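Asks: Supplied in structure tokens, the structure appears directly below.
The values are calculated or read from the model by the stated rules, or taken from the named source; none is laboratory data. No experiment lies behind these values; they were computed from the predicted model shown. Here the Cβ positions follow ideal geometry from the backbone for every residue, glycine too, while neighbour counts run over all protein chains shown. Remember, those area values only see protein heavy atoms, side chains included, never the ligands or the DNA or RNA. Shrake-Rupley method; radii C 1.70, N 1.55, O 1.52, S 1.80 Å.
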Amino acid sequence: MRYSYYPGCSLKGTGRAYEESLLPVFRALKVELAEIPDWNCCGATAYMSSDESCAFALGARNLAIAEREKAGDVIAPCSACYLNLNKTQHYLAEYPDIGRKVQAGLRAIGMSYAGTLKVRHPLDVVINDVGLDAVKALVRKPLKGLKVAPYYGCQIVRPYATFDDAFNPTTMDRLLAVLGAEVVPYGLKTRCCGGSLTGTLEPVGVPMAHRLLLEARERGADMVTTVCPLCQFNLDGYQGTVGGGADEIAMPVTYFTQLMGIAFGLPAADVVLNRGIVPAEDVLARRQIAV
Amino acid sequence: MTTQFKRWIKYEADTDPDFARSIVESPGGERLRHCIQCGTCSGTCPLATHMDYTPRRLIQMTREGFKAEVLSSFTIWLCASCYSCTCDCPKEIKITDIMYALKRRAIQEGVYPRRSFPIPVLAREFFKMVYNRGRVSESWLVTFLLLKTNVLKFFSMTRLGLGLLRTGRFSPKIESIERREELQRLLDAVGAAK
């Protein structure tokens, strides 16, 4: 199995633990990832707020390069990148004016995009292409007794829910169960984490992240596991800033790929728990899970 | 003696039907007039309680042509793009995309809820950074944003900053693609308004 790999800016920055754990796990699964050469930013929410043609042009350049490289469908681990590349695909196909304008722009730089690629999320690939049987065969150290709140966030399932339900997704629940973890019921699994509002409008954004953590604690979770670098950042990074003192939560927030790495028995350097601001080591030790 | 009363009623002549039309014609806005005002969007929106107009109200005001009120509202900037409303809307209105169309219009016309409101400033700094470099350097983006909106906030962010430094997630490196000129030509060709 071979795919084009679109890391996105966060996976090279604050979300580097996602890439650092994703690559070894996919190697273990015998899935080859070829990073798209000279990929550019997906535009996040800022480009769509400024100029929609530019937003689609950003996505189209990445897709055009991936198509030219012939490395297969595009894997985008960050939810914002996943959404924006998918949205570009939809709008190029469904809105002829946008399609023409963006194709003309691509021609001006000697490129074109025929629309032959699909944009996939690594969770989708693990569940539907690799399969849970193959995952199970690699589990060396089951995450026995570890209570995990599966947090999907919004943009991985909305509005382009291609592989799971838009409000009650279950793919990560099933994956975590195969890894041996105990998945706690978590009704807020696709409730917004606050997105960039934690940085721009803290009194509004931070309580949104906080509420998700409180709910996980109420459910008895040892940790929250995410599929998105911005969700991870908000939940992990802002725990001390609201409530403080007595209401300190101390809930570790990991990527699903880190838990796969632990269960596969990969070395600590491939699981990179040291990247978490809230340490996960204590919780794992309490459940007698060695990394 | 005459008393000046503030007029609360808006006459049809005060509204701007061209505004509503331009939003309907923007990509994703085509079903705006299908709204049945059921309020599902406001019920599902995680930010509705913080908004000056709920999404349902904003949709109605948009299609009635209340341009000034809509463009200067906090609502459009509070939308975090979680797409709950878009997925739940029984009339399949792409409400998130309409919010984007309204944000673009507000930026074009330079209308914001208040001076140095950080959300449009972030959009502008982000746009410039990607136009110039092709990628986002997160640490620098936050620095530029705080310099332009609220320098004092740096102090309240020391805990987060130290946490990121300790875990090796704060990088002073300026990220960039190799063919920056190629990307700029593409963005200019489709109409980048720098």
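Asks: Which residue fluctuates the most in chain B, going by a Gaussian network model with Cα springs under 10 Å, if the choices are B:GLU175, B:GLU30, B:GLU125?
Replies: B:GLU175
Asks: I would also like to ask the following. Strictly under 4.7 angstrom between C-beta atoms: which cysteines of chain B have no such partner?
Replies: B:CYS35, B:CYS38, B:CYS45, B:CYS79, B:CYS87, B:CYS89
Asks: How about A:LYS141: which aspartates and glutamates have a C-alpha closer than 19 Å to its C-alpha, ignoring those fewer than 8 places off in the same chain?
Replies: A:ASP133, A:ASP173, A:GLU182, A:ASP222, A:ASP270, A:GLU281, A:ASP282
Asks: Could you give me D for chain A, from Stokes-Einstein at 37 °C and 0.692 mPa s, where the hydrodynamic radius is the Kirkwood radius over C-alpha pairs? Units µm² s⁻¹, please.
Replies: Taking Rh from Cα pairs, D becomes 168 µm²/s.
Asks: Hey, how many Å between the Cα centroid of segment A:39-62 and the Cα centroid of segment B:141-193?
Replies: Computed from Cα coordinates, the inter-centre distance equals 16 Å.
Asks: Same structure, new question: State log₁₀ I(q)/I(0) for segment A:165-226 at q = 0.18, 0.23 Å⁻¹ as given by the Debye formula over alpha-carbon point scatterers of equal weight, solvent excluded.
Replies: For segment A:165-226, the Cα-only Debye profile gives -0.71, -0.99.
Asks: Here is a follow-up. Viscosity 1.306 mPa s, temperature 10 °C: what is the translational diffusion coefficient of segment B:1-73 from Stokes-Einstein with a Kirkwood Rh over Cα pairs, rounded to a whole number of µm²/s?
Replies: Value of D from the Cα-based Kirkwood radius: 115 µm²/s.
Asks: Over all directions, what mean area does the Cα convex hull of segment B:44-131 project, stated in square nanometres?
Replies: With every direction weighted equally, the projected area is 6.0 nm².
Asks: Taking amide H atoms as placed 1.01 Å from N in the peptide plane, list the residues 5 or more away in sequence, or in a different chain, whose amide H sits under 5 Å from that of A:GLY72.
Replies: HN-HN under 5 Å from A:GLY72: A:SER4.
Asks: Of the residues B:PHE154, B:PHE126, B:PHE74, which exhibits the maximal mean-square fluctuation in a Gaussian network model of chain B defined by a 10 Å Cα contact cut-off?
Replies: B:PHE154
Asks: Let me have the relative contact order for chain B, percent, based on Cα pairs under 8 Å that are six or more residues apart.
Replies: 18 percent
Asks: Cα axis of helix B:138-149 to longest principal axis of chain B: angle in degrees, 0 to 90, nearest 10?
Replies: With rounding to tens, the tilt is 50 degrees.
Asks: Per 5 Å bin, what is the whole-percent P(r) computed from every C-alpha pair distance within segment B:149-194?
Replies: The calculated distribution, bin by bin, is 5, 16, 13, 13, 12, 9, 16, 14, 2.
Asks: Put +1 on the Cβ of every Lys and Arg and -1 on every Asp and Glu Cβ in chain A; which of A:GLY220, A:PRO252, A:LEU175 then has its Cα farthest towards the positive end of the dipole?
Replies: A:LEU175
Asks: Next question. Find the Cα radius of gyration of segment B:74-194, compare it with 2.2 N^0.38 Å by division, and give the number to two decimals.
Replies: Normalised Cα radius of gyration, segment B:74-194: 1.26.
Asks: Another question, if that's okay. Could you list log10 I(q)/I(0) for segment B:1-159 at q = 0.12, 0.19, 0.20, 0.21 Å⁻¹, which the Debye formula gives when each Cα is one point scatterer?
Replies: -0.62, -1.20, -1.27, -1.34
Asks: Could you pull the accessible area for A:THR190 with a 1.4 Å probe, rounded to 10 Å²?
Replies: Taking all protein chains as shown, A:THR190 has close to 10 Å².
Asks: Report the relative contact order of chain A, percent, no decimals, based on alpha-carbon pairs under 8 angstrom and at least 6 residues apart.
Replies: The normalised contact order for chain A reaches 19 percent.
Asks: Now for a separate question. Can you tell me the Rg and Dmax of the protein assembly as shown, counting just the alpha carbons, in angstroms?
Replies: Every Cα atom of the protein assembly as shown included, Rg and Dmax give 22.5, 89 Å.
Asks: For segment A:123-174, what is Rg from Cα atoms divided by 2.2 N^0.38 Å, rounded to two decimals?
Replies: Cα Rg divided by the expected 2.2 N^0.38 Å: 1.28.
Asks: Could you identify which residue out of B:LYS103, B:LYS91, B:LYS173 has the top mean-square fluctuation in a GNM of chain B using Cα springs shorter than 10 Å?
Replies: Judging by the Gaussian network model, the answer is B:LYS173.
Asks: Cα convex hull of segment A:1-112: how many Å³ per residue?
Replies: Normalising the Cα hull of segment A:1-112 by residue number yields 97 Å³.
Asks: Could you tell me which helices of chain A pass both thresholds, a Cα extent of 24 Å or more along their own axis and a mean Kyte-Doolittle hydropathy of at least 0.0, with helices taken as whole DSSP H runs?
Replies: Counting only whole DSSP H runs, the qualifying helices are A:52-69.
Asks: Translational D (Stokes-Einstein, µm²/s) of segment A:143-291 at 25 °C and 0.890 mPa s when Rh comes from the Kirkwood sum over C-alpha pairs?
Replies: Translational D for this selection: 159 µm²/s.
Asks: Quick one, what does Rg over Rh come out to for segment A:58-208 if you take C-alpha atoms and the Kirkwood Rh?
Replies: Taking Rg over the Kirkwood Rh, I get 1.05.
Asks: Sticking with this structure for a sec: In Å², nearest 100, what accessible area do chains B and A bury in total when the solvent probe is 1.4 Å?
Replies: 5600 Å²
Asks: Please give the net charge around A:ARG174, taking every other residue with its beta carbon less than 14 angstrom from that of A:ARG174, where Lys and Arg add +1 and Asp and Glu add -1.
Replies: Charge balance near A:ARG174 sits at -4.
Asks: What pairs from A:LYS87/A:LYS189; A:LYS118/B:LYS103; A:LYS87/A:LYS118; A:LYS30/A:LYS136 go past 18 Å between their alpha carbons?
Replies: From the list (A:LYS87/A:LYS189; A:LYS118/B:LYS103; A:LYS87/A:LYS118; A:LYS30/A:LYS136), the Cα-Cα distance tops 18 Å for A:LYS87/A:LYS189; A:LYS118/B:LYS103.
Asks: Along the charge dipole of chain B, which of B:LEU160, B:LEU145, B:GLN4 sits closest to the positive end, that is, farthest toward it, with unit charges on the beta carbon of Lys, Arg, Asp and Glu (+1, +1, -1, -1)?
Replies: B:LEU160
Asks: I would also like to ask the following. Can you tell which of A:LEU29, A:ALA44, A:GLY15 lies farthest toward the positive end of the dipole of segment A:15-64, using +1 and -1 charges on the Cβ of basic and acidic side chains (Lys, Arg; Asp, Glu)?
Replies: In segment A:15-64, that residue is A:LEU29.
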